[in-house]
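The values are calculated or read from the model by the stated rules, or taken from the named source; none is laboratory data. Note that the coordinates shown come from a computational prediction; the quantities given were computed from them, not determined experimentally. All Cβ positions, even for glycine, are placed from backbone atoms using ideal geometry, and neighbour counts span all protein chains on display. Note: areas computed on protein heavy atoms with side chains; ligands, DNA, RNA excluded. Shrake-Rupley method; radii C 1.70, N 1.55, O 1.52, S 1.80 Å.
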Amino acid sequence: MMDEGSELSVTIGQVVQRLKGTHLHSQLERQAKECLHRPEIKLECLKDDVRNFLKKSGWERKLQNAVYRELHVHLAVPPQHMKEPLAYMRKAQASWENRILKSLNSMCTELGVPLAHKRSAQEQKDLINKWNEMGTDEPDLSHFRPVYAPKDFLEVLIGLQNPNHDCRDRAGSRCHWGLIQVPLSVRGIQDMREAFPELGLMAGQLGVDDHTHVPPDLFETEHVRIGKRVVSEQDSAAAQQYSRQGCPTGLRADLWALILNSTNEPEDVMHYDQLKSAVIIHDLLVDNLIYKDVKLTASNDDYYFVFEDYLYQVLLCFSRDTAVLEHFSYNSATPPKSYIRGGQGKEDYAVVYPPNGVIPFHGFSMYVAPLCFLYNEPSRLYRVFREMYARYFFRLHSISSSSSGIVSLCLQFEKLLQTHLPQLFYHLREVGAQPLRIAFKWMVRAFSGYLATDQLLLLWDRILGYDSLEIVAVLAAAVFAFRAENLMEVMSLAAAEAVLADLSTLKVMPLLQIFLFATAT
Amino acid sequence: MDTILYKVAHLDQVSDVQVLIHYRGPGGGSIMAGKVKWVTDIEKSVLINNFEKRGWIQVSDNEDWNFYWMSVQTIRSVFSVDTGYRLSDDQMVNHFPNHYELTRKDLMIKNIKRYRKEIEKEGSPLAEKDENGKYLHLDFVPVTFMLPADYNLFVEEFRKSPSSTWIMKPCGKAQGKGIFLINKLSQIKKWSRDSRTSTFMAASSGKEAYVISLYIDNPLLIGGKKFDLRLYVLVTTYRPLKCYMYKLGFCRFCTVKYTPSTSELDNMFVHLTNVAIQKHGDDYNHVHGGKWTVSNLRLYLESTRGKEVTNKLFDQIHWIMVQSLKAVAPVMNNDKHCFECYGYDIIIDDRLKPWLIEVNASPSLTSSTANDRILKYNLMNDTLNIVTPNGEIPDCRWNRSPPREALGNYQVLFDEEQAQSENAERDLRSRSGQSLGPRGTRANSVRPAPATWK
């Protein structure tokens, strides 16, 4: 065991190591050099003067935000457990990856399509011309099918077993009635209340207290004023804390970018343009999967069809972005490898495929779609999405023991429901409508495509604010609680699904508040 | 699969609404007073379901009727001098006799131009102009001329900005029929030659008259796509003016990417957003029909542009609606048996300025999607709740002041009576030295207060 002091110095060492050589580092150096010409910098107190200058000119804040981001993304868990501490989880993830890869390869063989090929000069020209209207193109994709759908993934999670845990005696009332049989520790409602204090009934809340019947003077006006201040101060940590009570619509885009420390500097725009030209040069098999997914989901969606073309742009660029690979250092998943022709099985010929290491599944584009309401500049939209993916969304489709991972969310959902609505749970189980079979698809997409967009954004405010996906499981349980009366009357899975088919009328924050804070325990 | 279930659930909501109305009927005085007898020559289920759920009785148009939802063709004969009916106090129809003063493209323009001049003559601050001679507050329709009547004026305007694009529309047609774009004078010369030889008679009788309007070539694009707004406005009387705005309008999106390049001038899908046109495009989607709710638009604009400018845009939209109605109020035959639900078409440009394109007297009651059906069902329901209070036999002498609860998704857009009494109150207060309370400051912060809309 390390003591606190040495752990801290290790952390500091790691952060310094990671920030060295970044663009920010060189910018800071240049600023420091340039300020030497300024009259207020004196030789006798050079160090302090430079420091003061960096502080006043806002560079210190930028450094703080960068450090804050590093702390979130990379050091939340001890380094040895970065990917996944539990062996049986690692094993399950690896075998799941194998299945996906096999399915992808067999699709290649069946259809006779290469994983990647270089476009001809004419093809490249054509793609450049229709870059902004890829949606009007209708290639024949009937042979392509999504590599997997959430349903397939759920079956894998149901099959998860901890070899050291005996889970016989399933009939007992103390036993878990749900589908997830692995023993992970998840929070009970009391712990939840402590973890989400800002959602309490006494705290002001966007999504509740901005309703037209509530005088704005009670909460909204002041909250908006503080929000403006947070944006002008450019402080990531403050923005994150602020987001727990909800972001005002007009400030959300800036606040989220600030929380994620996602910039849109000229070099970010340049990077996006490079990705775009990578898309134009090479045609990848996954492009068809992306295309098909958008057509099957967002293109038919009342809220998101407008953004179809933005989705292609962002997702195609995403698949080429090798910077995404970084997140595999803390993701239980491992990027799939393929072999360059003629070198099957030889390590030297192995390449990550697709270049970002992420194989899209059915519904993947819904991670991007809601963000299109916030950012109308593709490069900015792209940066925010990539950061959101690397912080949160990857956890929703990889097998891990993380408290934000999909396995924990499933278990969390089932435990909340079993503890607080045992009658409902028992009834649904008896009629063959296991609640998780309905809620799983909501959670895999963090509810995107199920809630009305304004409500979804309020939910995602809290994901960002608490830096955790747990709230997604709470909402899933709260939805069941809200429709409990109707659900008690259903006699089949199909009937239960019908009761829960339309979530677009739900108001997220009241549901969460009532479930967490106004339910007897 | 999801989408289908979702629609079904939505349709359930409609039946909820229907049940509600059903309960209301027998309990009230409607049975005592007798049932409303209705006729329609527009066989649309959103309409008929609404009549039936109120327990109204269908009759034919040569029987006694109380409520006739009719097409614009029928209204012409109802009020024509030779065949005209004499409507009794318990009869209502859904059009004003000369609604075309607002709903024919050429007459609307004529009335608005006249209205501006009148306001200017009065010396009203609303007629204020900028340094280029453009109205600051009254410049809400694109520059428009009648053809062939105003041909010379048009040529003069065209020569001022020869690179501009213009859109030609036949005055009396709807749903995007007969519309084309031009960007060269030679094109219009050719058109006038062709039409003169073929339909000269029609042209001289005014039936084939066209309007030509400056084409808004900087429309606001969302997701790279062009769209227009369809909003509904209900008028129950023109003098005094009482009008209501429906909160649930929608945006209609082009399925093809917008490119202002002139090579695309022939591709009507790029330019016209009418569903009637777009339905023929290859990319037409039957799930959403290219329609996006106004609440989506608001969320998007507030998120990307901020709350203040978004509020200002919607205030301006309300403003131009009221102005257009005020422009026609003096010439409208304010028959007490009439009310009308208009479909306003508005385009927003990339500086977030709204432009009034046209007003439709018979907004389509055809439902292209499940959500569309719900919207139009509710639109009819809320309209009937206002114009036939409690679903009872109408009395055309009614006070036209529905209680707030009866408005449904309508909100008061302008109430001349109320505005006048508020004005009087204001005068009284300012004379007695009292300050104006906080009342009315919220909605009126951007524009001159409704009370000053004269």
Fill in: Per-residue average of Cβ from other chains inside 10 Å of A:125-132
1
Worksheet entry | Relative contact order (%) - criterion: Cα under 8 Å, at least six apart; region: chain A | 19 percent
Worksheet item: Given a Förster radius of 60 Å and the C-beta distance between B:K189 and A:C175 as r, what FRET efficiency does 1/(1 + (r/R0)^6) yield to the nearest 0.05?
Response: 0.10
Practice prompt. With a 1.4 Å probe and every protein chain kept in, tell me what percent of the accessible surface of the stretch A:1-71 is carbon plus sulfur.
Written response: 57 percent
Discussion item. At R0 = 45 Å, how high is the FRET efficiency between A:M202 and A:E377 if r is their beta carbon distance? Nearest 0.05 is fine.
Written reply: 0.70
Discussion item. Inside 10 Å of the C-beta atoms of A:296-304, what's the mean count of C-beta atoms belonging to other chains?
Written reply: 5
Fill in: All aspartates and glutamates inside 18 Å of A:K151 as judged from Cα atoms, apart from same-chain residues fewer than 8 positions distant
A:E97, A:D293, A:E414, A:E497, B:D2
Worksheet entry | Cα-based Lys pair tally, the stretch A:253-391, threshold under 24 Å, eight or more apart or on separate chains | 5
Worksheet item: How big is the Rg/Rh ratio for the protein assembly as shown, C-alpha atoms only, Rh by Kirkwood, two decimals?
Response: 1.00
Worksheet entry | Rounded if a/c under 1.5, otherwise prolate or oblate - the stretch B:285-361, Cα gyration tensor axes | oblate
Discussion item. Within the stretch B:230-252, list the residues whose amide N lies under 18 Å from a label point set 7 Å along Cα→Cβ of B:V412.
Written reply: B:233-247
Fill in: the protein assembly as shown - accessible surface per residue (Å², probe 1.4 Å)
46 Å²
Practice prompt. Give me the distance in nm between label points sitting 7 Å out from Cα along the Cα-to-Cβ direction at A:I226 and A:T419, one decimal.
Written response: 2.8 nm
Fill in: P(r) histogram, all alpha-carbon pairs of the stretch A:52-158 included - 10 Å bins from 0, percent
10, 19, 21, 22, 22, 6, 0
Discussion item. Which one, B:P389, A:H223, A:Q313, is farthest towards the positive end of the dipole of the protein assembly as shown when Lys and Arg carry +1 and Asp and Glu -1 on their Cβ?
Written reply: A:Q313
Fill in: Other protein chain Cβ atoms within 10 Å, averaged over every residue that makes up A:375-381
2
Practice prompt. Return the ratio Rg/(2.2 N^0.38 Å) for the stretch A:417-479, where Rg is computed over Cα atoms only.
Written response: 1.22
Worksheet item: If you take all C-alpha pairs in the stretch A:230-361, what percent of them are over 24 Å apart?
Response: 49 percent
Response to the item:
Computed for B with A: buried accessible area summed over both chains, 1.4 Å probe, rounded to 100 Å², at 2700 Å²
Worksheet item: What do you reckon, how do A:T505, A:T11, A:T419 stack up by accessible area (1.4 Å probe), largest on top?
Response: A:T419, A:T505, A:T11
Worksheet item: So which lysines pass the test for B:K173, namely a Cα distance under 17 Å, with those fewer than 8 places away in the same chain ruled out?
Response: B:K105, B:K207
Worksheet item: If the cut-off is a Cα-Cα distance under 19 Å, which lysines reach B:K189, setting aside same-chain residues fewer than 8 apart in sequence?
Response: B:K160, B:K169
Worksheet item: Listed here are the pairs A:K102/B:K225; A:K228/B:K134; B:K117/B:K312; B:K113/B:K184; which of them are more than 29 Å apart at the Cα?
Response: A:K102/B:K225; A:K228/B:K134
Practice prompt. Can you pull the one-decimal nm distance between simple spin-label points at A:R429 and A:E326, each 7 Å off the Cα toward Cβ?
Written response: 4.5 nm
Fill in: Gain on full stretching of the segment that runs from A:E194 to A:M488 - 0.36 nm per residue minus C-alpha separation
102.8 nm
Worksheet entry | Order of exposure, largest accessible area first, which applies to B:F253, A:F219 with probe 1.4 Å | A:F219, B:F253
Worksheet, complete the sentence: Contact order relative to length for the stretch A:365-521, counting C-alpha pairs under 8 Å separated by 6 or more residues, stands in percent at 26 percent
Worksheet, complete the sentence: One quarter of the C-alpha convex hull surface, i.e. the mean projected area of chain A in nm², amounts to 29.8 nm²
Worksheet item: What number, in percent, do you get for the relative contact order of the stretch A:255-381 if the mean sequence gap of Cα pairs under 8 Å and at least 6 apart is divided by its residue count?
Response: 31 percent
Response to the item:
Quick calc, B:K247 & A:D140: beta-carbon distance into FRET formula, R0 51 Å, rounding 0.05, result 0.75
Practice prompt. Working with all protein chains in place, sort B:W38, A:W59 by solvent-accessible area computed with a 1.4 Å probe, largest first.
Written response: A:W59, B:W38
